[in-house]
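Below you'll find the structure, written out as C-alpha cells, and then a few comments.
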Amino acid sequence: MKEPSQPLSEVFGYLIDDQSAKGNRYRSLRLCPFNNKVPNCTKDKAKNPLGVCSIYYQEKPVITCPIRFREEWLITDDAASFFFKEGATWSSLTEVRLNDAYGKTAGNIDVVLVAYDDNGIVYDFGALEVQAVYISGNVRDPFEYYMKDPRGRTAMNWSTQPNYPRPDYLSSSRKRLVPQLLFKGGILNSWQKKTAVALNKGFYDTLPPMKGVSKENADIAWLIYDLELIEDCGQKRYTLKKVDEVFTEFEPALLSITTPLPGKIDDFMRLLQEKLDEQLETPPNNKTIEKVF
C-alpha cells in the first residue's frame, strides 16, 4: 500500500474519499456515527469540532478519538466477558466519577459496566478505560483545509507542510495511560474490581512486554483493536475489530509500564564529558571580580 500524502484517514466517521450520500451528510452536519453522548461530534470544540477519528501512520490507520472505539459498543461486550460470568445481566454507564477516601476526584471512568439481579440491584461492576492516541504536530490545519472542499481535496498533498501530524505513543502512555492506572486503577484494584483497557494495536505494541496470566486470575484485560478495511454496499470503510487480548495482574503490569528501560551509562558519561568540554572552552559571560586588599 502506498503511503498517503496526507494524514486524514476518517473524518466524521467516513473515509475522506467517501462521496456517498451518507458520508456527505455526516460531514456537512458534523455528526458522529460512533455513539457519542450527542448526535454531533464534540471533539476538541463543540461549536467547531475536530472531526478526525483516525489518521494514517506507516500505511495504517491509528485511532485518535476515544469515541471511535464505541462502534457498535463491541468494547463493552468484550469487557463484560472479562468482568462477569456467562449469562449475567448487565448494562453500561458512561463518564462515572470516581472519588478517593478524601472525597477528591480521581477522574471519570470512561465506561462502568454493572451487573444486576432480577430486581435491578447492582451486585458487581468493572471499569472500562478507552485509550486513544495523542497526536504530535498539527491535525486541525489539514482537517480544516479538507473540509472547505471535501470533494475536490481528497487527493491533497500535505507531506510538505510543517508539523505533519503523527501519533505520539510516548505521551499517550506517560500522560494518559500511566496516570489512569495509578489513580483510578489503584482504587479499583484495592476494591478487588477488574479493569479493562481498550486501545489500538499500534499503541499496545509500543508498551513494554507484560507477563500474562490466565483470564480467571487477571486484574486487567488489555483489549487490543485495529481498523479493518471492508466494503459495505459498494463503499469502502473501516470497521473496528478486536485482534488480540492480554490478561495481566495489576501490580506487575503497572511496574512494567512505569519502569523505564535504561540506556547505557557510557553514553550518558560521554554526553556529560561533551558538555563539560564545551563549558570549559567557552569564556564565562560574567566578569571575574578581583579582590582588592
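In region 174-219, how many residues are among the small types (G, A, S), closer than 23 Å to K241 by Cα and out of contact with any helix residue (DSSP H, G or I) (no Cβ under 9 Å at 6 or more places or on another chain)? Selection size over region 174-219: 2. In region 185-216, the qualifying residues are those that are of a type in the set (S, T, Y) and surrounded by 16 or more Cβ atoms within 10 Å (Cβ to Cβ), and the one that is nearest to S81 (Cα to Cα) is T195.
Checking each residue in region 156-178 for being of a type outside the set (D, E) and free of Cβ contacts under 8 Å to residues at least 60 places away in the same chain picks out T160, Q161, P162, N163, Y169, L170, S171, S172, R174, K175, R176. Being assigned to a loop (DSSP other than H, G, I, E, B), at positive phi and not small (G, A, S): is that true of N35 here? So N35 passes the test. Could you check, for region 47-61, whether at least one of its residues is farther than 19 Å from I135 by Cβ, of a type outside the set (S, T, N, Q) and buried (at least 16 other Cβ atoms within 10 Å of the Cβ)? Checked region 47-61: no residue is farther than 19 Å from I135 by Cβ, of a type outside the set (S, T, N, Q) and buried (at least 16 other Cβ atoms within 10 Å of the Cβ). Inspect region 214-233 for any residue being over 15 Å from P66 (Cα atoms), in a helix (DSSP H, G or I) and in contact (Cβ under 8 Å) with a residue 12 or more places away in the chain and give the result as yes or no. Within region 214-233, one or more residues are over 15 Å from P66 (Cα atoms), in a helix (DSSP H, G or I) and in contact (Cβ under 8 Å) with a residue 12 or more places away in the chain. Scanning region 217-245 for residues that are buried (at least 20 other Cβ atoms within 10 Å of the Cβ) and farther than 28 Å from D18 by Cβ returns A218, D219, I220, A221, W222.
Output the residues belonging to region 86-137 that are outside any strand (DSSP E or B), among the charged types (D, E, K, R) and over 20 Å from A221 (Cα atoms).
The answer is D100, K104, D117, D118.
Just one of the numbered conditions (1) outside any strand (DSSP E or B); (2) farther than 19 Å from D149 by Cβ is not true of L50: (2).
We did not get these values from a lab; they are worked out from the coordinates using the rules stated. Because the structure is a prediction, the values reported are computed rather than measured. Counting neighbours? That spans all protein chains shown, and the Cβs are built from the backbone with ideal geometry, glycine included.
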